[in-house]
Amino acid sequence: MDFSGFWRLDSEASTFHGPAPASLLMKIEHVESDLTQHIVAGNGAGAEQRRVFMCRIGEETISVVGETSLKVHAYWQDGDDTDELVIETTMSREERDLHFKDCWSVSEDGQRLTMAHRDDALAGQTVILVRDETAAIAFEGEPSPA
């Protein structure tokens with residue numbers, strides 16, 4: 001399974017805890033075990049927030065988003081013969097640890113990416129993204145991480 005591509009939020013199909021972003025675009029680079037997410041989120045007032053999140057599938061890695069350090073363990077749900085990727089993230093905020101378990105899968109036609117939280121702090125939240133190559137313009141000139 002390769003998650004690479006440009007993706008746009010399908011807000012009508014998604015379920016959020018709290019307010020949904022007004023817009024969400026994602027560029028995913030998936031090369032072997034390296035997974036990088038470039039995220040552009042917009043709010044209703046037109047403000048834009050950009051983040052880059054990196055992890056290595058099969059290993060525990062540390063990723064920094066903004067000023068927050070994240071401990072990440074990404075793995076295939078049932079070993080290498082599955083199409084579901086699990087990304088478990090632990091972060092410390094305000095002297096408490098938060099744990100998230102994000103389960104990724106792509107539809108058979110490759111046009112829909114589902115990111116579901118089933119049994120974590122965001123249980124019930126499901127973000128649905130649709131493949132959208134026109135979203136590439138939001139990432140023009142953005143360097144890829146080394």
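A few comments on the model shown:
- Comparing the stretch 5-138 with the 2.2 N^0.38 Å rule of thumb, its C-alpha radius of gyration ratio is 1.03 (two decimals).
- Averaging the sequence gap over all C-alpha pairs within less than 8 Å and six or more residues apart, then dividing by the number of residues, gives the chain a relative contact order of 22 percent.
- Fluctuation leader among 112, 93, 56 - the chain, Gaussian network, Cα springs under 10 angstrom: 93
- Listed by Cβ neighbour count within 10 Å, with the fewest neighbours leading, 76, 7 appear as 76, 7.
- Highest to lowest packing among 96-103, 59-66, scored as the average C-beta count within 10 Å: 96-103, 59-66
- Global geometry of the stretch 18-90, whether rounded, prolate or oblate, following the gyration tensor of its Cα atoms and the 1.5 cut on a/c: prolate
- In plain terms, the residue of 137, 28 with the fewest other Cβ atoms within 10 Å comes first and the most crowded comes last, giving 137, 28.
- When the chain is treated as a Gaussian network with alpha carbon springs shorter than 10 Å, the biggest mean-square fluctuation among 133, 94, 84 belongs to 94.
Each reported figure results from applying straightforward, stated rules to the coordinates on display, with no laboratory input. The model shown is predicted, which means the values in this text are computed figures rather than measured ones. Note: ideal-geometry Cβ built from the backbone for every residue, glycine included; neighbour counts use all protein chains shown.
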